[in-house]
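Read-outs throughout are calculated quantities, based only on the coordinates presented, and are distinct from any laboratory measurement. Fair warning: this is a prediction, and the values are worked out from it, not measured in the lab. When we count neighbours, we look across all protein chains shown, and the Cβ atoms used for this are built from the backbone with ideal geometry, even at glycine.
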Amino acid sequence: MGAASANVPAIMVTGGPSEPAWFNGRQLGAGTDLWHYVDELRAGRMSRERFDELEAAARPSYGHCNEMGTASTLACVVEALGMCLPGTASIPAVDAARHRAAEATGRRAVELARESVRPSHILTREAFDNAITLLEAIGGSTNAVIHLLALAGRVGVPLSLERFDEISRRTPVLANVRPSGEYLVEHLHRAGGVPALLRELEPLLDGTALTVTGRTLAEEFARAEALDRSVIAALDKPFADEGGIAVLHGSLAPDGAIIKRSAASPSLLRHRGRAVVFEDVYDVAARIDDPALDVGPDSVLVLRNSGPKGGPGMPEWGQMPIPSKLLQRGVTDLVRVSDARMSGTSFGTVVLHVAPESAAGGPLRAVEEGDPIVLDVDERRLDLDVPADDVRRRLERLGPSEPRYRRGYGALYLDHVLQASEGCDFDFLRALPDEPAESEPLGLLSGWVGGW
């Protein structure tokens, strides 16, 4: 985003996914499997001593998340955008190829500076469509939606949640990677990586989009092939017919919300249940395991005051834990709704990024204990099944939320941060309507690049 705003020649190199951990004879994902075992511990089916063994085994090497969490997702998305060298997104952190990729990236960085190829030449409408297509095909992190919206705002490319859903409906899931699938990013890399995925997706892409190599996206993936069909599916034999992330609208989310349907429980994708409401994450911590909590398998857990303004900062609190008394009964998933984010390694039927958020006066602020909530992912619907006049009266009675800050940076943040449906960036960092897409870089930086 900084490179896009400055519009100076730039290229990205990422750290790579960590080595898989081994526990109980199985390779572990850094986050996805941890959440599973935490539930086993909370349900009383795993001892504290055994969990300590898991914890000791969990991170055998440096590197970022080794499943399709946020780091791995964004690395893949950057490659689809054309902002890194092809084939480098999924190289494991400890692989010698990662060092070779870094050296090659450094060489290309110098060439880019001499050629004056800038982010504005690469980050086009077509590049964003390509990136979203890949995001949907890998069952990637919901956090990527916010990042792409914000990045598009920086370069003046019109992009909305509706575009994500349009692309989701036409794009199948082709990557069998946790948390949406079975394998880890290292397996994806060995199966052909992002180039192989892009080759499979070619009919859905704009292959003429420019990349940092100076060649087109199609030229870069032309010779790629999928080497393992258990990891990368063919376009006509996908792991799922629609993309990993769906966009919802309705009376509870007038400006939109999202769900990672590829990591949700199919039985809960169409659901009606009564709300169990938590005011913030501290309320969750205090009550979620209370034996007296009035909650059942059909309940909908609702968390508010966790969005960009309400958090503040929109923390990853959206994957609320299943109450321990339900875990003990064998319940492993509930519909959860919030204005928060969640880790890309997370899973479950979790509705996120509800906009407007509760702290901005959205309908989420008016939800009361026991209110019926309707989720229908196929219909892209998220409704609070309460008469609109009742919701309006509740909001009027509650009045505006008390701001967390009244002065300093906190106040500046609250005054200017955008909602999740717009990317959560500062409004004053978006490209101006009359600003040319290929504006000259700042004079100081321009001189420095020229001297280099």
* To do: Step through the residues of segment 3-9 one at a time and calculate ³J(HN,Hα) from phi using the Karplus curve (6.51 cos²θ - 1.76 cosθ + 1.60, θ = phi - 60°), rounding each to whole Hz and writing x for Gly and Pro.
  => 4, 5, 5, 6, 6, 9, x
* **Net charge, Glu357 excluded, C-beta distance under 10 Å - Lys, Arg +1, Asp, Glu -1** => +1
* Surrounding net charge for Arg261, when Lys and Arg each add one and Asp and Glu each subtract one, Cβ distance under 12 Å -> -2
* Nonlocal amide H pairs with Ala21, under 5 Å, H built at 1.01 Å -> Leu28
* Nearest-20 debye value, segment 245-373 charge dipole, Cβ charges on Lys, Arg, Asp, Glu -> 420
* Asked: Using alpha-carbon positions, what is the distance between the centroids of segment 185-225 and segment 35-71, in Å?
  -> 33
* log₁₀ of I(q)/I(0) at q = 0.06, 0.11 Å⁻¹ - the chain, Debye sum with one point per alpha carbon -> -0.26, -0.90
* To do: Quick one: net charge around Arg114, please, counting Lys, Arg +1 and Asp, Glu -1 for every other residue with C-beta under 12 Å from its C-beta.
  => 0
* To do: May I ask for the Kirkwood hydrodynamic radius of segment 245-373, worked out over all distinct Cα pairs and given in angstroms to one decimal?
  => 14.3
* Asked: Against the longest alpha carbon principal axis of the chain, how many degrees, from 0 to 90 and to the nearest 10, is the axis of helix 96-115 turned?
  -> 60
* Asked: Just in segment 22-122: which chymotrypsin sites (Phe, Trp or Tyr not before Pro) are loop by DSSP and have at most 15 other Cβ atoms within 10 Å?
  -> Tyr62
* Per-residue ³J(HN,Hα) for segment 386-402, Karplus 6.51 cos²θ - 1.76 cosθ + 1.60, θ = phi - 60°, Hz, x for Gly and Pro -> 10, x, 4, 5, 5, 4, 4, 5, 4, 5, 5, 5, 6, x, x, 5, 6
* Structure fact -> With only helices counted (DSSP H, runs n ≥ 4, each -39500 (n - 2.57)), the per-residue ellipticity at 222 nm for the chain, to the nearest 500, works out to -10000 deg cm²/dmol
